[in-house]
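Engineer: Dropping a structure here in structure tokens format, bear with me for questions.
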Amino acid sequence: GKAESWRGLTSESQTRLLIWDEALKEEKILSLKDLIQFGQGANRKTLLLSAQILQAELPLRIAHRVHELQLLPAPLLATRALTELTQLYEESFTRIVEHPPPKKHEQEESFSQMLKSIKEKHKIAQGNIAMGFAEMQREGIPRSAVEKDDIQDLLVKYFTG
């Protein structure tokens with residue numbers, strides 16, 4: 001199995017392989033807005049179900065965002081800002097998949113608190129991408145190194161995915 005073939009890899013490498021494995025899967029059609037509305041005014045059973053759905057779906061969505069970031073041109077991806085952003089996504093992925101499955105109210109509350117923390121940390125995403133472009137400019141990397149027709153499509157997909 002996977003565990004056997006990954007023996008000897010660092011935990012960081014294992015996380016990246018798990019992310020790539022998840023990125024190959026299709027996202028569900030549910031939007032995050034749908035999931036949030038589903039949980040508003042909900043009873044405990046609904047909140048628990050919502051947490052279980054999120055624990056299954058969020059790693060997949062995070063994996064897709066990491067994959068989309070890694071499709072950006074190398075000079076942009078190599079900036080400190082985008083390296084930090086990728087690491088943030090990897091950390092969030094790990095936190096979600098390693099959290100105990102929310103089967104009881106206390107676990108759902110713990111999971112919800114973790115998600116609030118992750119959401120707060122991810123507010124920097126758009127800024128990090130802008131900082132990556134600024135870093136490239138300061139380092140003298142010409143814009144032509146990243147100006148491709150598909151970069152706009154990649155960024156739109158990243159921000160709306």
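Engineer: Being polar (S, T, N, Q), over 21 Å from the mean Cα position of the chain (by Cα) and either closer than 21 Å to residue 62 by Cα or at pLDDT 80 or above (or both) narrows it down to one residue among 113, 107; which is it?
Structural biologist: 107
Engineer: Related question: Say whether the condition of being under 23 Å from residue 24 (Cα atoms), modelled with pLDDT under 90 and not acidic (Asp, Glu) is met by at least one residue in the stretch 73-85.
Structural biologist: So far as the stretch 73-85 goes, yes, one or more of its residues are under 23 Å from residue 24 (Cα atoms), modelled with pLDDT under 90 and not acidic (Asp, Glu).
Engineer: Given (1) over 16 Å from residue 64 (Cβ atoms); (2) modelled with pLDDT of 70 or more; (3) open to solvent by 70 Å² or more (accessible area, probe 1.4 Å), where does residue 7 come up short, assuming only one miss?
Structural biologist: (2)
Engineer: Any idea which residue in the stretch 134-154 is surrounded by the most Cβ atoms within 10 Å (Cβ to Cβ), counting only those that are touching a helix residue (DSSP H, G or I) at 6+ places or on another chain (Cβ under 7 Å) and either of a type in the set (A, V, I, L, M, F, W, C) or within 21 Å of residue 54 (Cβ to Cβ) (or both)?
Structural biologist: Per the criteria, the residue is 136.
Engineer: Name every residue in the stretch 102-131 that is of a type outside the set (A, V, I, L, M) and in contact with a Lys or Arg (Cβ under 8 Å, 6 or more places away or on another chain), in order of residue number.
Structural biologist: Hits for the stretch 102-131 are 105, 108.
Engineer: Those residues that are open to solvent by 20 Å² or more (accessible area, probe 1.4 Å), in contact with a helix residue (DSSP H, G or I) (Cβ under 8 Å, 6 or more places away or on another chain), more than 23 Å from residue 125 (Cα to Cα) and in a helix (DSSP H, G or I), I need them from the stretch 41-86; list them, please.
Structural biologist: Once the filter is applied, which keeps residues that are open to solvent by 20 Å² or more (accessible area, probe 1.4 Å), in contact with a helix residue (DSSP H, G or I) (Cβ under 8 Å, 6 or more places away or on another chain), more than 23 Å from residue 125 (Cα to Cα) and in a helix (DSSP H, G or I), the stretch 41-86 yields 44, 46, 47, 48, 53.
Engineer: Still on this structure: Condition test on residue 131, is it out of contact with any strand residue (DSSP E or B) (no Cβ under 7 Å at 6 or more places or on another chain), open to solvent by 40 Å² or more (accessible area, probe 1.4 Å) and hydrophobic (A, V, I, L, M, F, W, C)?
Structural biologist: yes
Engineer: With the condition kept exactly as written, say whether any residue in the stretch 144-152 is assigned to a helix (DSSP H, G or I), at pLDDT 85 or above and not aromatic (Phe, Trp, Tyr).
Structural biologist: no
Engineer: Could you grab me the full set of residues in the stretch 48-76 that are under 21 Å from residue 156 (Cβ atoms) and without any contact (Cβ under 8 Å) to a residue 24 or more places away in the chain?
Structural biologist: 70, 74
The values are calculated or read from the model by the stated rules, or taken from the named source; none is laboratory data. Computed from a predicted model, the values in this text were never measured in an experiment. For neighbour counting, all protein chains shown are included, and Cβ atoms are generated from backbone atoms with ideal geometry for every residue, glycine included. Ligands, DNA and RNA are stripped out before the accessible areas are found, and what is left, the full protein with its side chains, is counted by its heavy atoms. Shrake-Rupley method; radii C 1.70, N 1.55, O 1.52, S 1.80 Å.
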